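Notes follow the structure.
Derivation of every value follows stated rules applied to the coordinates shown; laboratory data play no part. These numbers come from a predicted model, not from an experiment. Because the Cβ atoms are built from the backbone with ideal geometry, glycine has one as well, and the counts that use them run over all protein chains shown.
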Amino acid sequence: MGLGQMGQLLAERALRRRRLEVVALGRHRLGERDHPGLLVDPITRQVGRDGIGGCSVLASQEFGEGEERRPTVQIGDPFTEKNLIEACLEAVAAGLVVAMKDMGAAGVTCTTSEMAAAGGVGMRVELQRIPRREAGIPPWEVMMSESQERMLLVGRRGQEEPLLAIFRKWGLNAVVVGEVTDDGLLTILDGGEVVAQVSAEFLTSPPRYEMPVEVPTYLAEAHAFDPATLPEPDDYGAVLLRLLASPNVASKRWVFEQYDHTVQGNTVVAPGRGDAAVLRLRGYGSLGIAVTMDGNSRLVYLDPYEGARLAVAEAARNLSAVGAEPLIVTDGLNFGNPDKPDRYYQFREAVRGIADACREFDLAVVSGNVSFYNESPEGAIYPTPIIGMLGVLPDVARHATMAFPGAGARILFLGELGGAASLAGSEYLAVIHGREAGRPVPLDAMREQAVQRTLRRLIREGLAVAAHDCSEGGVAVALAESCIAGGTGAHVRLPEPPTAAALFGEAPSRAIVAVPSHRVAAALAVAREEGAPACVIGETGGERLVIEGAIDLPVAQLEAIWESAIPAAMNR
């Protein structure tokens, strides 16, 4: 996830009732008295064929359907995007912008129709005013081009020069491409000739599809599997090493070190150090933000509704594990062909799960995108909703990483270990037994909220010196990752006999927390007050991770496998 001024932060898999101020770009109503009449397109680059039919083609065909319809690829320029963002913010602050919207799918066509319809007005655009990278591009391609780093602004007539000057200051070439009208029509001209004229309201008010729905046939067999029938492994330590080498668990350092994640020096918790990246907001006192991205397509495949709820819960838990209160969501929904009833069922149920979870956690969904038809002759991808989430830290200095400190801290376990059912859809089941089956443990929203409130309080009250959620690979992997991050060992005794389910199960609503030895009583009291199950399971220190009766391995060995897995795979 890239943030305009912050660089690339995340390579890992994305306030109670509050006043939420949202700038709704493109939603300002352009009444007849405003009649600004001025459309400005900041041309950061000349329009080309990149992205012609990008979303429109990918939204209507499956991979391998035909070479002739494949779109060209858009190539972004983050630094130009940065200048565009700064120029737009300056123009808004100067009072020169009435409305504004980014150009995404379908380029000028989509942006103008949505802005006009939202404002109850029409728009007239002259395509010849839009600079083109090459000759011979027909009007429809200029209308549909998805060249990157472009915005459409509505300015006030008579204030063209001050507005254009701001973009020149940032090295951008903004041009006046049209005007606002009061006829409700989107009129596209090419050299004065009308090439398209349609009601803006008509373009943005399509009929609602009533799609056929069918429960996928694979679910009955998958849900019939009982994880309790699995044999216990002979060597739990060997299992842990194999899980740490799995790409879903292994360090993503190879990925995030390809990018600068310390732009402007505002990064407080860098990738790989915590469950979310934390940044200070320069100029806003002690305020900070945390960002994360999460998703588990295997769980969504096995239960689209619960899997999507669990994805939202995990993202929120990751933010809470660094001390941030979850606030807003953006989602990326990646699915197969919705014309197939079983694929549409996956999509419908996943969206329902996301919506319900966001209501349960009081989260605002501020943006997102949908990618359909992700299929090949071999079949569809797993249903993959990705949850990006942002949270707020009132005092950015009060944050936590997942790194265990030196010797002597007590390790608290929040939540419950869960029984054999917690192995359903787990990394353990996939890696060790080669199966993706079972019914994921459903989310208990009340317990999840209690655990998250406890995490935030422990961090903000200075009781937690480290925190890490338990997700892929279960408690054993979480302990190993915190040992690796802190360069120290731990001695752990689980509250029940160690089994595959206790060690590697993936029940939701769980975390480990390191607490100074003299603050344990206070930490447990916080958990009780918030209604979260909690117990002391061990102590940090030494050079080995010891889980009594199950695992005894050097932290150096754990780290070597965890860090090397992805580089080794990429260099094959």
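Brief remarks on what is shown
- Fewest-first sequence of Cys535, Cys483 by Cβ atoms within 10 Å of each Cβ: Cys535, Cys483
- C-alpha center-to-center spacing [the stretch 300-374, the stretch 406-437] in angstrom: 22 Å
- Listed peptides 259-266, 324-331 by packing density, highest first (mean Cβ within 10 Å): 324-331, 259-266
- The phi-based Karplus calculation (6.51 cos²θ - 1.76 cosθ + 1.60; θ = phi - 60°) puts the 3J(HN,Hα) values of the stretch 206-223 at x, x, 7, 6, 10, 8, x, 10, 8, 5, x, 5, 5, 5, 4, 5, 4, 6 Hz, whole numbers, x for Gly and Pro.
- 5 angstrom amide H check on Cys535, placed H, neighbours 5+ away: Phe413
- Sites Phe79 and Ser367 - FRET efficiency at Förster radius 25 Å, r taken between beta-carbons, to 0.05: 0.65
- Most simply put, the stretch 218-570 has about 80% antiparallel DSSP beta bridges, counting only bridges with both residues inside it.
- Note on the stretch 389-438: Cα convex hull, mean projected area over all directions, 6.7 nm².
- Estimated purely from DSSP H runs of n ≥ 4, each contributing -39500 (n - 2.57), the mean residue ellipticity at 222 nm for the chain is -9500 deg cm²/dmol once divided by its residues.
- Computed log₁₀ I(q)/I(0) - Debye formula, equal Cα scatterers, no solvent, the stretch 218-570, q 0.07, 0.16 Å⁻¹: -0.27, -1.56
- Sorting Glu86, Glu314, Glu472, Glu161 from the fewest to the most surrounding beta carbons within 10 angstrom yields Glu161, Glu86, Glu472, Glu314.
- Across the stretch 460-471, coupling constants 3J(HN,Hα) worked out from phi with the 6.51/-1.76/1.60 Karplus curve, θ = phi - 60°, read 6, 8, x, 8, 9, 9, 6, 8, 7, 7, 9, 9 Hz, and Gly and Pro carry x.
- Oblate is the label for the stretch 432-498. Its Cα gyration tensor axes, ordered a ≥ b ≥ c, give a/c of at least 1.5 and b/c at or above a/b.
- Cross-link reach list, lysines versus Lys252, counting only Cα pairs under 26 Å and skipping chain neighbours closer than eight places: Lys82
- Under-5 Å amide H pairs with Arg132, H placed in peptide plane, nonlocal only: Val47
- Summing Cβ point charges (Lys, Arg +1; Asp, Glu -1) relative to the Cα centre of the chain gives a dipole of roughly 1660 debye.
- Karplus-derived HN-Hα couplings along the stretch 363-371 (A = 6.51, B = -1.76, C = 1.60, θ = phi - 60°), whole Hz, x at Gly and Pro: 10, 9, 8, 9, 6, x, 8, 10, 10
- Of the two radii for the stretch 256-387, the radius of gyration is 1.04 times the Kirkwood radius, both from the alpha carbons; that is the Rg over Rh value.
- With N counted as the residues of the stretch 428-572, its alpha-carbon radius of gyration over 2.2 N^0.38 Å works out to 1.11.
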